[in-house]
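First the structure, in the form of structure tokens, and then the observations on it.
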Amino acid sequence: MAAARSGGGWRWMMVASVLLVVLQLAGAASTAALPIVINTWAFRKATETAWRVLQLGGSELDAVERGCGQCEIDQCDGSVGYGGSPDESGETTLDAMIMDGNTMEVGAVADLRHIKNAIGVARKVIEYTKHTLLVGESASLFAVRMGFPYEDLTTQKSLSMYSKWLNESCQPNYWKNVVPDSSKSCGPYKRPEEVTCKEQTILQRNTCMVVIGGNGTVASGTSTNGAIHKIPGRVGDSPIAGAGSYADSTAGGAAATGDGDIMMRFLPSYQAVEYMRMGIDPTVACQKVISRIQKYAPKFFGAVICANTTGSYGAACNKIPGFTQFHFMVSSPLLSQPTEQVVDCI
């Protein structure tokens, strides 16, 4: 009798466990809905703009372009758009990309000068060329041919940032293994006979967005003015497909923000989408790509956002001093308004 009761209890425990799993799965499914807009950092107006475009019948690409473009107008956090992040010569240049997850087409611009609407130009690369990436002054000439105004991206604020940097012996900067000592003085630098390595961390942000429409169509995009005091000609991860962002309507979309010089070496956005294609939860997919980079650069500054074609989403970031949580924005039918969300870094 005791054995029978024991066996019955065991069977009940098994049934209860199965029911719990079913309920958990049902709960997980109920938290996913389309369409969805997700973007890096607490850039609320960018989210609101992209969501409004969708609600008015615009395409996913339209939403990404307008959402990221809103940050270019607002100069979000000083890290997007004109008048921020002057390079070593004091000039602000822009990088941007946009990707169509249906056709896998990408339009991108890098080291763009004198044009404020970088992601708009990136969209025109898709629409009017067979290329993927245009760079430098030639990208600016293309933009002018597409009807974008040629403008000065310098502001009094960016000039002030540049002057302050010069007065502080050009610290911090992105040089290493050069003479004179780049940690103590401005250049011009040159290669010495013997070199030693210097490590530094400079926090970099950009606006990255993933939009998934009601039918599962995915688009993604990025826009940034790059690393402050960068060496002229430097291009980070933002305009590189698979690094700054990636979209595939058969799986989902992802986007990365942070130290682009490190993150672009690992194609985190592409890798996260491939994890989601395998059925891995978006949060776990984001965590896995962060963990992979940690093995090689444990002190890197960076975060990733992920969303799959059911509307599930997540984010992850690398924990370093001064950066222990990552804030991002989400808008979906399950939320009454665009909502700021936070994850603890790993």
Inset, instruction - Within region 291-310, count every residue that is touching a Ser or Thr at 6+ places or on another chain (Cβ under 9 Å) and either under 23 Å from ASN39 (Cβ atoms) or buried (at least 18 other Cβ atoms within 10 Å of the Cβ) (or both). - result: 8
Inset, instruction - Report the residue count in region 140-163 for those that are within 23 Å of GLU127 (Cα to Cα) and among the hydroxyl-bearing types (Ser, Thr, Tyr). - result: 2
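Just to verify a result, which residue in region 216-275, among those that are of a type in the set (D, E, K, R) and within 12 Å of the chain's Cα centre (by Cα), is surrounded by the most Cβ atoms within 10 Å (Cβ to Cβ)?
ASP237
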Inset, instruction - Say whether the condition of being among the polar types (S, T, N, Q) and either out of contact with any strand residue (DSSP E or B) (no Cβ under 8 Å at 6 or more places or on another chain) or buried (at least 19 other Cβ atoms within 10 Å of the Cβ) (or both) is met by at least one residue in region 56-64. - result: no
Inset, instruction - Quickly run through region 116-173 and pick out the residues that are surrounded by fewer than 20 Cβ atoms within 10 Å (Cβ to Cβ) and of a type in the set (S, T, N, Q). - result: THR129, THR132, SER138, THR154, THR155, GLN156, SER160, SER163, ASN167, SER169, GLN171
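Throughout, read-outs are computed from the coordinates displayed, never taken from laboratory work. The model shown is predicted, which means the values in this text are computed figures rather than measured ones. A quick note on method: Cβ atoms are made from the backbone with ideal geometry, for glycine too, and the neighbour counts reach across all protein chains shown.
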